[in-house]
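Here's the structure we're looking at; comments come further down.
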């Protein structure tokens, strides 16, 4: 069992990184809020079906409300703002760089709200990880284009705050109950926000084709169920600052996937940045063990 648990962080990073690839397939064919509303509704229904198959485990009213609140922030605010900014022309590289601030913001909130002790070694790891993310993404920032506006920059920063606040909320108020039930209520909260945003701001035009169906299936099954379930598990069992630091690895893994699938350029500087980001995550998540005296 311990060996399986050790694989959870790496598996989460790989699955989470594929979300940006799925978004690349989906965004030409659907408006962001409409697409996310459909994605979250489907995910909530699948989780509800899983709950029925599993038996009597349920969330209390308080747990359901807190999980829905976390879902509003983690799914509605975070993904809604990211997808909206990219849909409006914000370069994905710059958006990812801003989102790279999330582990540092989460560490500060975890210290203030959850009372987690963050050692100088962990702060150093967070800083080194951010430097690695900047190096990985720097070559992609050359052509910013006209999509960098006050609105898209604001949306990107709102997304960071939403994810940081949502994970802290989940850890503080909603991590003690059934994970499947909590995940379902998260998507109830996220879908409510996206449905309202879609009705208020979009035409809800969708072009059904193979790419959109593939993207929806992938993002629902792999991201909304697989990756989020692993994230919830890590939030329940780990310290938030250490869990958040894993997000530093996402841009590097995304760059590797884009290189393999789409032939996007990957140079030695970016590879060095990946190594630095990995070092930073190692520092931030390392648990210093006390030496035990040897027995004669």
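Derivation of every value follows stated rules applied to the coordinates shown; laboratory data play no part. All values reported here derive from a predicted model rather than from experimental measurement. Here the Cβ positions follow ideal geometry from the backbone for every residue, glycine too, while neighbour counts run over all protein chains shown.
A few notes on this one:
- Length released on extending from residue 88 to residue 217, taking residue separation times 0.36 nm less the Cα-Cα span: 44.0 nm
- Using R0 = 51 Å, the C-beta based FRET efficiency linking residue 272 and residue 237 works out to 0.95.
- Using C-alpha pairs below 8 Å separated by at least 6 residues, the relative contact order for the chain is 38 percent.
- Cα-based shape type of the chain, given that a ≥ b ≥ c are square roots of the gyration tensor eigenvalues and the cut on a/c is 1.5: oblate
- When each of the peptides 67-77, 34-44, 104-114 is scored by the mean number of other C-beta atoms lying within 10 Å of its residues, the order from highest to lowest reads 67-77, 34-44, 104-114.
- Ranked packing of 180-190, 162-172, most packed first, by mean Cβ within 10 Å: 180-190, 162-172
- Computed from the Cα positions only, the extents of the range 198-287 along the three principal axes stand at 48, 37, 24 Å, in decreasing order.
- The modelled label-to-label distance for the pair residue 134/residue 52, using points 7 Å beyond Cα in the direction of Cβ, is 5.2 nm.
- Here is how the number arises for the chain: DSSP H runs of 4 or more residues each give -39500 (n - 2.57), the sum is divided by the residue count, and the result at 222 nm is -22500 deg cm²/dmol.
- Pairwise centroid distance, computed over Cα atoms, of the range 173-192 with the range 217-270, Å: 21
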